[in-house]
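Participant: Encoded as structure tokens, here's the structure I'll be asking about.
None of the figures in this text is laboratory data; all of them are computed from the coordinates on show. What you see is a predicted model, and the numbers here were worked out from it, not measured in a lab. A quick note on method: Cβ atoms are made from the backbone with ideal geometry, for glycine too, and the neighbour counts reach across all protein chains shown.
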Amino acid sequence: MNELKCPYRKKCGGCQLQNLSYERQLSFKQVKVIKLLGKYCHVDEIIGMENPYHYRNKVQAAFSEKRGEIISGVYQSSTKTVTAVESCLIQDKIADEIILSIRKLLKSFKLRPYNSDTNKGFLRHVLVKRSFVTNQIMVVLVTATEEFKAKEKFVNALLNRHPKITTVVQNVNADYNGLMLGEKNKVLFGDGYIEDILCGLRFRISPKAFYQINPTQTEVLYNKALEFARLNGKQTVLDAYCGTGTIGIIAAQKAKSVVGVEINADAVKDALINAELNGINNIDFYEADAGDYMVEAATMGEKFDLVIMDPPRAGASLEFLRSLVKLSPKKVVYVSCNPKTLARDLSFLTRKGYKVQKIQPVDMFPHTEHVETVVLLSRQKVDEHIYFDVNVGDLPRNKKCYEQNRS
């Protein structure tokens with residue numbers, strides 16, 4: 001494999017491992033997972049990518065001005081300074097080209113990037129999402145004000161340069177609070193969403209919908225999770241932190257029934273649409289905290305054979321883990337994007353009667369330090385249980401971590 005070098009690697013800070021060959025990156029991540037999780041079970045060899053470049057189907061760019069010129073790119077690590085980027089080795093090439101065109105159009109339409117110091121300007125960010133299968137493209141213009149002068153001419157000019165764009169949305173984020181997207185969307189062209197094919201099923205992607213950014217490795221990750229689950233049409237499944245319902249809907253094809261639980265109302269709406277798109281009628285979705293739902297389900301005597309959990313980077317809350325133990329499913333498939341918090345959560349679950357059976361790392365984010373891991377846990381028989389008292393102070397965590405943005 002020919003290793004490519006990024007001209008922005010010393011300024012951007014987004015690809016922490018780019019100084020290593022891809023083979024060494026995989027070895028680094030394998031060792032990392034073994035050190036953190038190897039005491040629980042054998043760790044299978046990490047699954048890497050054949051071509052670990054331009055894999056991101058979601059690209060976001062910040063806009064700023066430098067010496068009177070409009071620039072677009074990424075924030076430097078730990079700062080609000082924008083590093084100008086023409087093209088990125090891990091981002092979709094078409095998305096990068098669209099962002100460059102928008103940068104040029106801003107100047108010709110006399111629109112300026114928003115400046116937080118002066119509270120003046122128009123454009124905060126641009127978000128581009130593309131399906132690598134359907135080739136549908138969404139462009140989201142994140143603006144500081146709702147007023148958009150000559151918006152029809154601007155959109156037409158953008159479409160003339162990139163006729164494959166299928167929808168353009170203006171997202172208004174007037175009161176910036178650290179989140180890229182605001183609450184209000186205005187569809188300027190198209191349907192306001194795109195659709196993608198994942199594991200043979202169709203999923204709708206709206207501007208705020210959480211969707212995995214590496215579709216190639218997402219299929220690998222989800223297939224491995226379902227391989228661990230070994231569904232045969234007889235199991236009842238709970239998909240906790242279900243988001244827009246992707247893995248739960250895929251699992252429903254081989255399960256008796258699935259319940260998806262998600263606290264984000266917008267995500268639940270997308271999940272219901274996605275189930276309908278695919279003709280899946282053995283899945284229900286609930287807008288609720290997953291931990292609260294599980295406590296209520298256990299109290300009502302409801303049983304699940306399998307719980308699939310895919311929490312944010314902060315891991316599961318202590319309340320969630322206690323609820324999981326109370327519900328007592330036969331199997332748990334834990335999909336994690338952070339092996340450190342995964343190790344912490346496995347420590348709790350193995351003290352409460354669960355045994356780790358399989359561990360599979362997957363490289364979802366080549367050239368970065370992040371690694372996804374799929375873990376299979378099974379409930380031990382009652383006479384095999386070994387219980388320990390766990391001091392809550394030994395498990396520092398944010399009780400509200402399940403509400404964090406999974407982007």
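Participant: ³J(HN,Hα) across the stretch 296-312 via Karplus (A = 6.51, B = -1.76, C = 1.60, θ = phi - 60°), whole Hz, x for Gly/Pro?
Facilitator: Coupling constants for the stretch 296-312: 5, 4, 5, 4, 7, x, 6, 10, 10, 6, 9, 10, 9, 10, 9, x, x Hz.
Participant: In the chain, if the dipole is taken from +1 on Lys/Arg beta carbons and -1 on Asp/Glu beta carbons about the Cα centre, which of I71, T236, T373 is farthest to the positive end?
Facilitator: I71
Participant: Let's test the formula: R0 of 25 Å, r as the Cβ-Cβ distance of E86 and T368. What FRET efficiency results, to the nearest 0.05? Write down the numbers at each step before the final one.
Facilitator: Working: r = 20 Å, r/R0 = 0.81.
Using R0 = 25 Å, I get an efficiency of 0.80.
Participant: Please build a GNM for the chain, connecting alpha carbons under 10 Å apart, and tell me which residue among T134, T167, T83 fluctuates the most.
Facilitator: T134
Participant: Whole Å is fine, so just give me how far the alpha carbon centre of the stretch 31-107 lies from that of the stretch 167-233.
Facilitator: Each part reduced to its Cα centre gives a spacing of 17 Å.
Participant: Right, another one. Using the Kirkwood radius over Cα pairs, work out the Stokes-Einstein diffusion coefficient for the stretch 74-222 at 20 °C and 1.002 mPa s, in µm²/s as a whole number. Intermediate results must be reported in sequence, preceding the final value.
Facilitator: Working: Rh = 16.3 Å.
Here the translational diffusion coefficient equals 131 µm²/s.
Participant: Report the FRET efficiency, 1/(1 + (r/R0)^6), for L4 and K303, where r is their Cβ-Cβ distance and R0 is 51 Å, rounded to 0.05.
Facilitator: The formula returns an efficiency of 0.50 here.
Participant: State which entries of K303/K340; K107/K186; K331/K352; K104/K153; K129/K208; K269/K330 exceed 18 angstrom in Cα-Cα distance in the structure shown.
Facilitator: Numbers: K303/K340 30 Å; K107/K186 23 Å; K331/K352 13 Å; K104/K153 14 Å; K129/K208 11 Å; K269/K330 29 Å.
Long pairs (Cα-Cα over 18 Å): K303/K340; K107/K186; K269/K330.
Participant: Here's something else I'd like to know. Evaluate the distance, in nm, between pseudo-label points positioned 7 Å from the Cα of I197 and of E276 along their respective Cα→Cβ axes.
Facilitator: Output for this residue pair reads 2.3 nm.
Participant: Report the full-extension gain for the segment V31 to N223: residue separation times 0.36 nm, less the Cα-Cα distance, to one decimal in nm.
Facilitator: Working: separation 192, 0.36 × 192 = 69.12 nm, distance 2.32 nm.
Stretched out fully, the V31 to N223 stretch lengthens by 66.8 nm.
Participant: Calculate, in nm to one decimal, what K153 and S257 gain on full extension: separation in residues at 0.36 nm each, minus their alpha carbon distance. Spell out each step's value before the answer.
Facilitator: Values: separation 104, 0.36 × 104 = 37.44 nm, distance 4.93 nm.
The span from K153 to S257 would gain 32.5 nm if fully extended.
Participant: How much length would be gained if the chain were fully extended between N19 and R67, taking 0.36 nm per residue of separation minus their Cα-Cα distance, in nm to one decimal? Mind showing how you got there, number by number?
Facilitator: Details: separation 48, 0.36 × 48 = 17.28 nm, distance 3.10 nm.
Full-extension gain reported as 14.2 nm.
Participant: Sticking with this structure for a sec: Treating only the Cβ atoms of Lys and Arg (+1) and Asp and Glu (-1) as charged, compute the dipole magnitude of the chain about its Cα centre; round to the nearest 20 debye.
Facilitator: Details: 58 positive and 45 negative charges, 213 e Å.
It comes to approximately 1020 debye.
Participant: On the Cα set of the stretch 9-126, report Rg and Dmax in Å, please.
Facilitator: 18.7, 60
Participant: While we're here: Within the stretch 191-227, whose backbone N sits under 18 Å from a point 7 Å along Cα→Cβ of R313?
Facilitator: 210-214
Participant: Using the crude model of +1 on Lys and Arg Cβ and -1 on Asp and Glu Cβ, and no other charge, please compute the dipole size for the stretch 58-198 relative to its Cα centre, in debye to 20. Spell out each step's value before the answer.
Facilitator: On the way: 21 positive and 15 negative charges, 98 e Å.
Dipole magnitude for the stretch 58-198 comes out near 480 debye.
Participant: Identify, among A343, L20, Y55, the residue whose Cα sits farthest towards the positive end of the charge dipole of the chain, taking +1 on the Cβ of Lys and Arg and -1 on the Cβ of Asp and Glu, with the dipole about the Cα centre.
Facilitator: The residue sitting farthest along the positive end of the dipole is L20.
Participant: If you keep only loop residues by DSSP, which trypsin sites (Lys or Arg not before Pro) in the stretch 1-86 have at most 16 other Cβ atoms within 10 Å of their Cβ?
Facilitator: Values: sites: K5, R9, K10, K11, R24, K29, K32, K35, K39, R56, K58, K66, R67, K80; in loops: K5, K39, R67, K80.
Filter output for the stretch 1-86: K5, K39, R67, K80.
Participant: Additional query: Residue by residue, what Karplus-based ³J(HN,Hα) values in Hz, rounded to whole numbers, does the stretch 369-381 have, using 6.51, -1.76 and 1.60 with θ = phi - 60° and x for Gly and Pro?
Facilitator: 7, 6, 8, 8, 9, 10, 10, 9, 10, 10, 6, 6, 5
Participant: Could you tell me what fraction of 2.2 N^0.38 Å the Cα radius of gyration of the chain comes to, as a two-decimal ratio?
Facilitator: Details: Rg = 22.3 Å, N = 407, 2.2 N^0.38 = 21.6 Å.
Working it through for the chain, the quotient is 1.03.
Participant: Long-range amide H contacts for T81: which residues qualify at under 5 Å (H placed 1.01 Å from N, peptide plane, sequence gap of 5 or more or a different chain)?
Facilitator: Close amide H contacts, sequence-distant or interchain: Q76.
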